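Following: one structure in structure tokens, then a few remarks.
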Amino acid sequence: MFCAGRASEKKTMLRILVLHGPNLNLLGRREQSIYGSQSLDSIDAALTKLADELAVDVDIRQSNSEGELVNWIQESGSGYQGIIINPAAYTHTSIAIRDALAAVALPTVEVHLSNIHQREPFRHHSHIAAVALGQISGLGSIGYLLALRGLHDHLSAPRKLKKSSPASRRQKTASR
Ligand code: CA2
């Protein structure tokens, strides 16, 4: 897919996979005091609107199944440049999702509607955070929009934002 523009300026459109984990299909129907009143459809509509403004292609999916999420992450290795994921309860349990994200090695932003660090102790640990570019937690549905903006910026100017690894820092120091 290509952005509009002069033939000589045609750029490949960024494709971002957005994954919602288990029970997020219930948003807006229950637990509004924790997760807000917005439905998943309206969050997706806001994401799609912002994606249009940024000229990014978003593919948005929800699943209650860990295996399906793992399959989608594996498949994203071809055709996508980044992932936004709210793994929901799998955040705190799924080494399989973490391993799949590490394997595809696409820049990934982890999003949570609620502030997981202020909630029950079992929600404080994320298996995903260590393999993510960043985590946004506690800002409600706006978190998804910030994730899309952040990922778009990161992918548009990767060198500016990329952190150097300890190994590359050692190499630079040695060659000075
Ligand atoms: O805050 C978040 O976004 C969470 O990822 C949401 C998960 C929870 O397990 C995480 O600890 C934090 C739960 C999603 C379930 O959403 C529901 C929505 C409405 C009614 C019931 C559940």
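The values are calculated or read from the model by the stated rules, or taken from the named source; none is laboratory data. Given the structure is predicted, the values throughout are model-derived calculations rather than measurements. Cβ placement follows ideal geometry from the backbone for every residue including glycine, while neighbour counts extend to all protein chains displayed. The area values use the complete protein model at the heavy-atom level, side chains included, leaving out ligands, DNA and RNA. Shrake-Rupley method; radii C 1.70, N 1.55, O 1.52, S 1.80 Å.
Regarding segment 92-115, can at least one residue be identified that is within 14 Å of the chain's Cα centre (by Cα), within 16 Å of the ligand (Cβ to nearest atom), open to solvent by 30 Å² or more (accessible area, probe 1.4 Å) and in contact (Cβ under 8 Å) with a residue 24 or more places away in the chain? Yes, segment 92-115 contains a residue that is within 14 Å of the chain's Cα centre (by Cα), within 16 Å of the ligand (Cβ to nearest atom), open to solvent by 30 Å² or more (accessible area, probe 1.4 Å) and in contact (Cβ under 8 Å) with a residue 24 or more places away in the chain. With the checklist (1) part of a helix (DSSP H, G or I); (2) more than 30 Å from A103 (Cα to Cα); (3) at pLDDT 95 or above in hand, flag the one item S33 doesn't pass. For S33, the failing item is (3). Scanning segment 65-95 for residues that are of a type in the set (D, E, K, R) and outside any helix (DSSP H, G or I) gives no hits. If you filter segment 12-26 down to residues that are touching a helix residue (DSSP H, G or I) at 6+ places or on another chain (Cβ under 9 Å) and without any contact (Cβ under 8 Å) to a residue 40 or more places away in the chain, you find that the one that is surrounded by the most Cβ atoms within 10 Å (Cβ to Cβ) is N25. Looking at Q135, is it under 15 Å from the mean Cα position of the chain (by Cα) and open to solvent by 50 Å² or more (accessible area, probe 1.4 Å)? So Q135 fits the description; yes.
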